[in-house]
There are 2 protein chains.
Amino acid sequence: MSLNVAIMGATGAVGQELLNILEQRNFPLNSLKLLASARSVGREYKFKGQTLKVEELTKDSFKGIDLVLSSAGASVSKEFAPIAVEAGAVVVDNTSFFRMDPEVPLVVPEVNAEDIKLNKGIIANPNCTTIMMVVALKALEKISHIKRIHVSSYQAASGAGATGMAELEQQYKEIAEGKPCTVSKFAYQLANNVIPHIDVFTDNGYTKEEMKMYNETKKIMHSDVVCSATCVRVPALRSHSESIWIETERPISVEEAREAIKNGEGLQLMDEPENKVYPMPLFLAGKDDVYVGRIRKDLANENGLTFWLVGDQIRKGAALNAVQIAEYMVKNNMFKK
Amino acid sequence: MSLNVAIMGATGAVGQELLNILEQRNFPLNSLKLLASARSVGREYKFKGQTLKVEELTKDSFKGIDLVLSSAGASVSKEFAPIAVEAGAVVVDNTSFFRMDPEVPLVVPEVNAEDIKLNKGIIANPNCTTIMMVVALKALEKISHIKRIHVSSYQAASGAGATGMAELEQQYKEIAEGKPCTVSKFAYQLANNVIPHIDVFTDNGYTKEEMKMYNETKKIMHSDVVCSATCVRVPALRSHSESIWIETERPISVEEAREAIKNGEGLQLMDEPENKVYPMPLFLAGKDDVYVGRIRKDLANENGLTFWLVGDQIRKGAALNAVQIAEYMVKNNMFKK
């Protein structure tokens, strides 16, 4: 089987990474269409030695398309995902719009691939911070049920897209030149700063980003787990880090946890403190797996465990997870053709 | 009363801030001696319009000295603090060496100023991250006893001293010039990175920096509170941030907590998410108080509360706290002369 695929939002950071990943993983393509808004039409990108031109996203873009990988923002998905489904495509949507819709599976293949089978045309890709965390939680949940989570994130500029990364790089250039920093994508200057504010605030004082971790984790894990998150933007470029505490039904030892992470799907154990080996965002950009280290007992909770993880926000946090969902569907003959 | 004061480690980041603070707060000085290692002898610094020359720290440096403000590293304090005490001085020590000594009070004046009276010549200044946290905890402990703490830190380059800040600035310059980054003060490149490793690792997998938060918090608060910390270096210059969860005996409402922080000593409430008002390190360098925001209920614990704080690591995290200890002693006539 080979598929006719369209990328919605092809010019963004995630769109570009989708192109890389489809090529690297040799995804079974019959054709590939790059869709974006009118102002990007005509831009050219290389794919497997060919040159692809960006076409304008319209209601008529989906004729003959089997799979849409969508990453053009919530409002675009809201409008165009149903049209694509109507035209016969499956949409793997990277925006927040459909994630909490009870009719839409929210999937991290390492955790709940089976949910893909329940789709009615749309499958949602979770938020980046949630994806990385649940990949690690899945491995530990097998040892003992996870009841509570406390997590502080250290999120890179890439979470705000290609323009977010460019803004951070520009700010450092401006500082080196003694100029004032340009601030437009982030609420405040990010260079030499950390900003405890990602996405908008909700009524309970948490941001939407933080509430995504609460709501999406429950849905993906089919669990009563409760999660309190503080999401913070830091001046790293494209990998997110998370400092996590979990409380489990029975205590998990560090040795058990290390073994579980080592054997877990989509995970790499990187935990040799004596050799200064632990995950860091600078060195894990472009990697597929979620890297876990600093595993230790929670000194404030007998049933608690704490650890540190890093994952590439654009790959596993977005584009790779979407392609893995599509690969599962290919493998399980879930496309209509 | 006016005192003969010596600064041990006068040329470092904290030593320099001690000079600023003694001048700004018009500390009652009779004389001020700047002490450092032989290689810094002769360096000159301005103080209240006068020029002070750095003298070499020796066993004979403390004749006639009433107060030593010490910030030259643990091994220097180990050697010279007892000599200074023997010579009749009180030593306020900013290093880790004496902090957990049961004979030495460990003091944050807003929290346990009374402990100063128990000193036998040496009073220890806690670690920066602990100081900032306990200032906030003190205000909340008055509402309900704090039983557990989980904290992730976002610590600035200044924690590694003036050379730490210089290294971070140099790395960004090198990146802007397309050169490889110089790495010497930190374990890895800090620019565009975060490093989950401050001070050395201990047997339980926590770093010494993290264990300081566990041990020092108990000692300062005279409490059974238990604290699990993950301490992380981030590319900010001189203010530390902390993401904190506390569990209290009875639930504390957000309103109660805000009121307590607003009225707390050494604290500033900075918590208007609807107006994008929350503490950030870039904008709070040079401030005396600890700034607290993002106060909200812990979604994973009915008796839990979470908040975010920022404080200047060199001021309240070190130099200011030491001077405040000395000021308390002046006010309470605790010097021998």
Selected from B:142, B:78, B:185 as most flexible by GNM, with chain B as the system and alpha-carbon contacts under 10 Å: B:142
Counting partner chain Cβ atoms within 10 Å of every residue's Cβ in B:236-245, what's the average? 4
At 7 Å out from Cα toward Cβ: residue B:74 inter-copy label distances (nm, ascending): 4.8
Sequence of A:312, B:224 once ranked by neighbouring C-beta atoms within 10 Å, starting from the fewest: B:224, A:312
Separation of region A:280-337 and region A:158-200 by C-alpha centroid, Å? 26
Is there a pair in A:297/B:316; A:185/B:276; A:59/A:185 whose C-alpha atoms are over 20 Å apart, and which pairs would that be? A:297/B:316; A:59/A:185
Gaussian network model of chain B, Cα springs within a sub-10 Å range: biggest mean-square fluctuation belongs to which of B:71, B:239, B:40? B:40
How much of the calculated P(r) for the protein assembly as shown lies past 43 Å, in percent of all Cα pairs? 28
Computed lengthening from residue B:74 to residue B:56, 0.36 nm per intervening residue step minus Cα-Cα distance: 4.7 nm
Inter-copy label distances at residue A:114 (7 Å, Cα→Cβ; nm, one decimal): 6.0
What is the spin-label model distance, in nm, from residue B:48 to residue B:183 if the labels are put 7 Å beyond Cα along the C-beta direction? 4.6
If I take R0 = 45 Å and measure r between the Cβ atoms of residue A:330 and residue B:263 in this structure, what FRET efficiency does the formula 1/(1 + (r/R0)^6) give, to the nearest 0.05? 0.15
Inside 10 Å of the C-beta atoms of A:190-203, what's the mean count of C-beta atoms belonging to other chains? 6
Counting only DSSP beta bridges fully inside region B:27-106, the antiparallel percentage to nearest 5 is 35
Along Cα→Cβ at 7 Å, what distances in nm separate the residue A:59 label point from those on the other copies, shortest first? 9.3
For a quick check: sort A:227, B:181 by the number of other beta carbons within 10 angstrom, fewest at the front. B:181, A:227
Burial ordering of B:163, A:130, B:11, fewest other beta-carbon atoms within 10 Å first: B:163, B:11, A:130
From other protein chains only, count the Cβ atoms within 10 Å of every residue's Cβ in A:267-278, then give the mean. 2
Rg to Rh quotient for region B:297-337, alpha carbon positions, Kirkwood Rh: 1.35
Please give the net charge around residue B:26, taking every other residue with its beta carbon less than 11 angstrom from that of residue B:26, where Lys and Arg add +1 and Asp and Glu add -1. 0
Enumerate by residue number the trypsin sites (Lys or Arg not before Pro) in region B:249-301 meeting two conditions: DSSP loop (anything except H, G, I, E, B), and at most 13 other Cβ atoms within 10 Å of the site's Cβ. B:276
Anisotropy class of region A:204-326 from Cα gyration tensor, a/c 1.5 cut: rounded
Would you mind checking region B:299-337 for residues with the amide N under 18 Å from a putative spin-label position 7 Å along Cα→C-beta of residue B:117? B:325-336
How big is the gap, in Å, between the Cα center of region B:24-95 and the Cα center of region B:209-247? 29
What is the antiparallel percent of DSSP beta bridges lying wholly in the protein assembly as shown, to the nearest 5? 50
Take the Cβ-Cβ distance between residue B:145 and residue A:100 as r, set R0 to 41 Å, and report the resulting FRET efficiency rounded to the nearest 0.05. 0.65
Given R₀ = 22 Å, what would the calculated FRET efficiency be for residue B:274 paired with residue B:249, taking r from the Cβ atoms and rounding to 0.05? 0.10
Taking springs between alpha-carbon atoms closer than 10 angstrom, which of B:152, B:61, B:144 fluctuates most in the Gaussian network model of chain B? B:144
What fraction of the DSSP beta bridges in chain A is antiparallel, stated in percent and rounded to the nearest 5? 50
Which pairs, out of A:48/A:117; A:147/A:212; A:120/A:219; B:147/B:218; A:142/B:208, put more than 21 Å between their alpha-carbon atoms? A:48/A:117; A:142/B:208
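Every read-out reported here was derived from the displayed coordinates using simple, explicitly stated rules and does not represent laboratory data. Source: prediction; values computed, not measured. Note that we place each Cβ from the backbone using ideal geometry, even for glycine, and neighbour counts take in every protein chain shown.
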